Amino acid sequence: MDVVAEVNTDYSLQAGVTACEDLLARDEPPTAILFDNDLTAVGAVRAATARGVRVPDDLSILAWDDSPLCRLSDPPLSALRRDILAYGEDAARTLLRLVDGDGVTQSVRTSTATLVERGSLGRAPRA
């Protein structure tokens, strides 16, 4: 897998539309896009569809939050599901350690994201 580009946006629907349009307008557009929230991913599905790009036949789209919005999209968005509660608990524990004077911080990883396949992922189109 090659990373073609990284695009920084806000978390709005329109940001997903704009990011997808910009990526698809490249001389070598991507065959897959990962969005770090569901709303931008929905915007990307809309932008791709408006351009006649079929999801997932021509372009795979993967969301990162796995909110109910993923199931409402057409096609339903595949997503990486994370244990948000565990992330919050770990962040709170780390913060409390710092407040208590333990100035040592460490990277904390309690859970691994799991792929929830719903229909927005496909094989990369052949060149």
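Within the range 14-40, the set of residues being within 12 Å of the chain's Cα centre (by Cα) and in contact (Cβ under 8 Å) with a residue 60 or more places away in the chain comprises Ala32 only. Against the test of being more than 22 Å from Asp2 (Cα to Cα), small (Gly, Ala, Ser) and within 20 Å of the chain's Cα centre (by Cα), the options Ser111, Ser78 yield a single qualifying residue, Ser111. For the range 62-90, filtered to residues that are under 11 Å from Leu39 (Cβ atoms) and touching a helix residue (DSSP H, G or I) at 6+ places or on another chain (Cβ under 7 Å), the residue that is surrounded by the fewest Cβ atoms within 10 Å (Cβ to Cβ) is Ser67.
Considering every residue within the range 3-13, establish whether at least one is under 25 Å from Arg126 (Cβ atoms) and in contact (Cβ under 8 Å) with a residue 24 or more places away in the chain. Within the range 3-13, one or more residues are under 25 Å from Arg126 (Cβ atoms) and in contact (Cβ under 8 Å) with a residue 24 or more places away in the chain. Selection of helices (runs of 4 or more DSSP H) fully inside the range 7-124 by the criterion of at least 1 residues being at pLDDT 95 or above and among the polar types (S, T, N, Q) returns 13-24, 38-50.
The values are calculated or read from the model by the stated rules, or taken from the named source; none is laboratory data. These numbers come from a predicted model, not from an experiment. Note that each Cβ is placed from the backbone with ideal geometry, even for glycine, and that neighbours are counted across all protein chains shown.
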